[in-house]
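J.: Sharing a structure, written as structure tokens. Questions coming.
The values are calculated or read from the model by the stated rules, or taken from the named source; none is laboratory data. This is a predicted model, so every value here is computed, not measured. Here the Cβ is made from the backbone with ideal geometry for all residues, glycine too, and neighbour counts use every protein chain on show. Keep in mind that these areas ignore ligands, DNA and RNA; they rest on the heavy atoms of the full protein, side chains included. Shrake-Rupley method; radii C 1.70, N 1.55, O 1.52, S 1.80 Å.
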Amino acid sequence: MINIENELAGAREVGITGHIRPDGDCIGACMAMYLYLQKAMPQLKVHVFLEDIPTIFYVIKDTDKIEKAEEFLGSIDTFIVLDCAKDRTGACEKLIQNAGKVINIDHHLSNASGSGDINYIVPEASSASELVYDVIDKEKLDTEIAKAIYIGMINDTGVFQYSNTSKKTMEIAGKLITYDFDFPALIQKTFYEKTYVQNQILGRALLESILFMDGHCIVSSVDRKTMEFYDAKPKHLDGIVSQLKNTRGVDCAIFMYEIGTMEYKVSLRSNEKVNVAEVAENFGGGGHARAAGCTVRGTFHDVVNNLSLYIQKQLKL
Ligand code: AMP
Ligand code: MN
Ligand code: MN
């Protein structure tokens, strides 16, 4: 395990970032690290860079301080890359290339060897946020840091339901809720609650879903026209793939949405029978055994056929 204060001993200007299209864990981990360094190492100049975040996460302190990497003109000597490898950080990649030291903290199986000069990679960990908890001095935790870590953990564990939840996850969560924040409201606001429009798209995706491989697989997609009709952004589609996966008998769920002509962002969810990180890696993506993603070119049918080849092999159908 690393100690983040030791790793930053020689640093002056520090950047914190996570992956493109940041999710709850990525945002929670980055903001917890930002809040912690502001407090524990006030001599540092700290920046947090992320793409636009869903407004539900504005409940985390200092999210208004998030900067855009493409607008940043200074230089950063040390980068902390959370919840991904450094090649999945989008516009931050350039800033990272110029940094003298990169600290990579992640829990993705597909990034097992790490992409930094210093790596703290734990594929068994529930979330990158749980790993942020590991590397900080617990004496300096406060309500705002605890809240950010907690939000990250509930979002990546499906409120402690998924199999990435461990005894350690629950022990950490137990300590976090002793800080004074309204955790039932946080779970409701950042995990379960959807807007009316989000629920409408979810409804359409479920209605138009197709079961195949004898009911072992389910797929649904949302095209650009539908996204435009509802004025929906990719972040509004979170949760659809999990709902598809909740269909009885399904071992693997595929949800895809069009990001360009003949180009789809694919999300995969599975149970113990399919390792979807392996499936996604065949298409240049990655993730975890039971939750992974990739971008695939082709028509809807091409994409389904191509993915199915790998899924079918694992299901031994
Ligand atoms: P998603 O389906 O986009 O919610 O992603 C599921 C999981 O896989 C998340 O932990 C993502 O961070 C990860 N993931 C998604 N796409 C990729 C990718 N192209 N490379 C590596 N990991 C990914
Ligand atoms: Mn993530
Ligand atoms: Mn994560």
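J.: Going through Gly74, Gly158, Gly152 one at a time, which residue ends up being surrounded by fewer than 19 Cβ atoms within 10 Å (Cβ to Cβ), touching a residue at least 60 places away in the same chain (Cβ under 8 Å) and closer than 20 Å to Phe57 by Cα?
T.: So the residue among Gly74, Gly158, Gly152 that is surrounded by fewer than 19 Cβ atoms within 10 Å (Cβ to Cβ), touching a residue at least 60 places away in the same chain (Cβ under 8 Å) and closer than 20 Å to Phe57 by Cα is Gly158.
J.: Then there is this: Hey, among the residues in region 123-144 that are β-branched (Val, Ile, Thr) and over 18 Å from the mean Cα position of the chain (by Cα), which one's farthest from ligand 2 (Cβ to nearest atom)?
T.: Thr143
Here's the yes/no breakdown for (1) within 15 Å of ligand 2 (Cβ to nearest atom); (2) open to solvent by less than 50 Å² (accessible area, probe 1.4 Å); (3) at pLDDT below 95:
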{"site": "Leu8", "(1), (2), (3)": "no, yes, no"}
{"site": "Ile16", "(1), (2), (3)": "yes, yes, no"}
{"site": "Arg21", "(1), (2), (3)": "yes, no, yes"}
{"site": "Ile27", "(1), (2), (3)": "yes, yes, no"}
{"site": "Met33", "(1), (2), (3)": "yes, yes, no"}
{"site": "Met41", "(1), (2), (3)": "no, yes, no"}
{"site": "Leu44", "(1), (2), (3)": "no, yes, no"}
{"site": "Glu67", "(1), (2), (3)": "no, no, no"}
{"site": "Glu70", "(1), (2), (3)": "no, no, no"}
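J.: Any residue that is in contact with a Lys or Arg (Cβ under 8 Å, 6 or more places away or on another chain), in a helix (DSSP H, G or I) and over 21 Å from Ile66 (Cβ atoms) - is there at least one of those in region 126-133?
T.: Checked region 126-133: at least one residue is in contact with a Lys or Arg (Cβ under 8 Å, 6 or more places away or on another chain), in a helix (DSSP H, G or I) and over 21 Å from Ile66 (Cβ atoms).
J.: Further question on the same structure: Could you check, for region 105-122, whether at least one of its residues is at pLDDT 95 or above, touching a Phe, Trp or Tyr at 6+ places or on another chain (Cβ under 9 Å), within 16 Å of ligand 1 (Cβ to nearest atom) and in a strand (DSSP E or B)?
T.: Yes.
J.: If you go through region 139-189, how many residues are in contact with a Ser or Thr (Cβ under 6 Å, 6 or more places away or on another chain) and within 16 Å of ligand 3 (Cβ to nearest atom)?
T.: 9
J.: Would it be correct to say that Ser110 is open to solvent by 40 Å² or more (accessible area, probe 1.4 Å), more than 22 Å from Gly287 (Cβ to Cβ) and in contact with an Asp or Glu (Cβ under 8 Å, 6 or more places away or on another chain)?
T.: no
J.: Additional query: Quick check on region 84-103. Is at least one of its residues within 16 Å of ligand 1 (Cβ to nearest atom), acidic (Asp, Glu) and surrounded by fewer than 21 Cβ atoms within 10 Å (Cβ to Cβ)?
T.: Yes, the conditions are met somewhere in region 84-103.
J.: Inspect region 169-179 for any residue being outside the structural domain of Leu307 (by TED's automatic domain parsing) and within 20 Å of Glu272 (Cβ to Cβ) and give the result as yes or no.
T.: Yes.
J.: Considering only residues that are among the β-branched types (Val, Ile, Thr) and open to solvent by less than 20 Å² (accessible area, probe 1.4 Å), which ones fall in region 230-251?
T.: Ile240, Val241, Val250
J.: State all residues of region 23-50 that are touching a residue at least 40 places away in the same chain (Cβ under 8 Å) and either of a type in the set (Asp, Glu) or within 16 Å of ligand 1 (Cβ to nearest atom) (or both); if no residue qualifies, say none.
T.: Asp23, Gly24, Asp25, Cys26, Ile27, Gly28, Ala29, Cys30
J.: Take Met227 and tell me if it is touching a residue at least 40 places away in the same chain (Cβ under 8 Å), open to solvent by less than 50 Å² (accessible area, probe 1.4 Å), assigned by TED's automatic domain parsing to the domain that holds Val296 and more than 16 Å from ligand 3 (Cβ to nearest atom).
T.: When the stated conditions are applied, Met227 does not pass them.
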